[in-house]
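What follows is a set of notes on a single structure, which appears directly below.
Nothing in this text is a laboratory measurement; each read-out follows from the coordinates by a stated rule. All of these numbers come straight from a predicted model, not from anything done at the bench. FYI the Cβ positions are ideal-geometry reconstructions off the backbone, even for glycines, and counts take in every protein chain you see.
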Amino acid sequence: MSNSDSRPIGVFDSGIGGLTVLKELALQFPQESFLYLGDTARLPYGSKSPQTIRKYSEQNIHFLEKQNVKAIVIACNTASSQLTEKEFDGLPIYNVIEPGSQRALELSQTGKIGVLGTRATVNSQAYTKKIHELNAKAEVFDQACPLFVPLAEEGWDSDPVTNLIVFRYLSPLLQNHIDTLILGCTHYPILKNSIARVTGSSIELVDSGEAIARWLERDFKEGRLKPNTESTPRRIDIMTTDYSSHFTEVAHRILKPVKADDFRIVDL
Ligand code: DGL
């Protein structure tokens, strides 16, 4: 049996947020091809009901499965909070909640951990439950930040308006003296400069991309995933469910220095 698997890794999110995960994975695994799906026609997921989020996520998984991917990374915390299966029809599925929780516990000295997320993620309590499952003594303080996704989609990183909104959401959370903060939505690393300006350098920030990359690395080493060892250059293809030139423009900015080979519209 061959030890190489040249099929791409599927990655999905509701919009551009998952590109922060794709970038991290593309940099860490330069031999792997990626197929990214941004469900831009139905963004945002964070304000929708658990049933709808689950339905959309399953549709995304079935779509990527048909594209013959070797694994799927749910690069969306909101979708991850509703879909906890580790496999679908034998296909490995990577959810970002556990890697993020584990990373936060590794980094935290005091066990006081903050979580920022969409309303759906915060309401699901997925992080709080997972962190407590891993360490019952940890204290978790969460905050829904529904205005962050539109700011990130707009590409307003480090904008004075963004700085003000970040300050407004984070101030109550910081009163709990957290030492680690999970950016529990893949859109939020786009606003990292604004967030770090408010948290200061003593609070560690955890983002989904870095956390999940460590899990993939482990699975490549342990053989759960086979690497691509072919000599042909890898591909990065981006698909969205709606057309927008703005998406393409912001996507290039987020992915830099990673280059996408193609952007196309798909119908799920
Ligand atoms: N990027 C998604 C997440 O990680 C949420 C964006 C949305 O609300 O659609 O939660």
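Which residue fluctuates the most in the chain, going by a Gaussian network model with Cα springs under 10 Å, if the choices are F88, F247, F148?
Looking only at F88, F247, F148, the largest GNM fluctuation is found for F88.
Could you pull out every residue, at least 5 positions away or on a different chain, whose amide H is within less than 5 Å of the one on V73? Hs are placed 1.01 Å off N in the peptide plane, and Pro or chain starts have none.
G10, V11, F12, Y94
Determine the alpha carbon to alpha carbon distance for each of K66/K226; K55/K192; K55/K86; K137/K192; K112/K192; K112/K221 and list only those over 23 Å.
Details: K66/K226 19 Å; K55/K192 30 Å; K55/K86 17 Å; K137/K192 28 Å; K112/K192 20 Å; K112/K221 32 Å.
Violating the 23 Å limit, Cα to Cα: K55/K192; K137/K192; K112/K221.
About the Cα centre of the chain, what is the dipole size in debye to 20, counting +1 per Lys and Arg Cβ and -1 per Asp and Glu Cβ, all else neutral? Can you show the working numbers first?
Values: 29 positive and 33 negative charges, 49 e Å.
About 240 debye.
Along the positive direction of the dipole of the chain (beta-carbon charges: Lys, Arg +1; Asp, Glu -1; about the Cα centre), which of L107, I72, H252 reaches farthest?
L107
Run the reach check for K256 against aspartates and glutamates, Cα to Cα strictly under 14 Å, same-chain hits fewer than 8 apart removed. What comes back?
E24
With runs of 4+ DSSP H residues as the only contributors, calculate the mean residue ellipticity of the chain at 222 nm using -39,500 (n - 2.57) per run, divided by the residue total and rounded to the nearest 500. All intermediate terms of the calculation are to be shown ahead of the outcome.
Working: 11 runs with 113 residues, N = 268.
Rounded to the nearest 500, it is -12500 deg cm²/dmol.
Are there any chymotrypsin sites (Phe, Trp or Tyr not before Pro) in the range 1-60 that are in a DSSP loop and have at most 11 other Cβ atoms within 10 Å? List them by number.
On the way: sites: F12, F34, Y36, Y45, Y56; in loops: Y45.
Listed in order of number, the matching sites amount to none.
Which one, N176, T20, V161, is farthest towards the positive end of the dipole of the chain when Lys and Arg carry +1 and Asp and Glu -1 on their Cβ?
Sorting the options by dipole projection puts first N176.
Please figure out what share of the DSSP beta bridges in the chain is antiparallel and state it in percent, rounded to the nearest 5.
5
Work out the charge dipole of the range 59-131 with +1 on the Cβ of Lys and Arg and -1 on the Cβ of Asp and Glu about the Cα centre, then indicate which of P92, A126, I61 is farthest towards its positive end.
It is A126, whose Cα lies furthest towards the positive end.
Dipole size in debye (nearest 20) for the range 63-186 around its Cα centre, Lys and Arg Cβ +1, Asp and Glu Cβ -1?
Working: 10 positive and 14 negative charges, 49 e Å.
That gives the range 63-186 a dipole magnitude of about 240 debye.
Rank N77, N163, N95 by mean-square fluctuation in a GNM of the chain with C-alpha springs under 10 angstrom and give only the top-ranked residue.
Between N77, N163, N95, it is N163 that shows the largest mean-square fluctuation.
Can you check what the Kirkwood hydrodynamic radius comes to for the range 52-138, Cα pairs only, in Å to one decimal?
Working: mean 1/r = 0.0722 Å⁻¹.
So the Kirkwood estimate lands at 13.8 Å.
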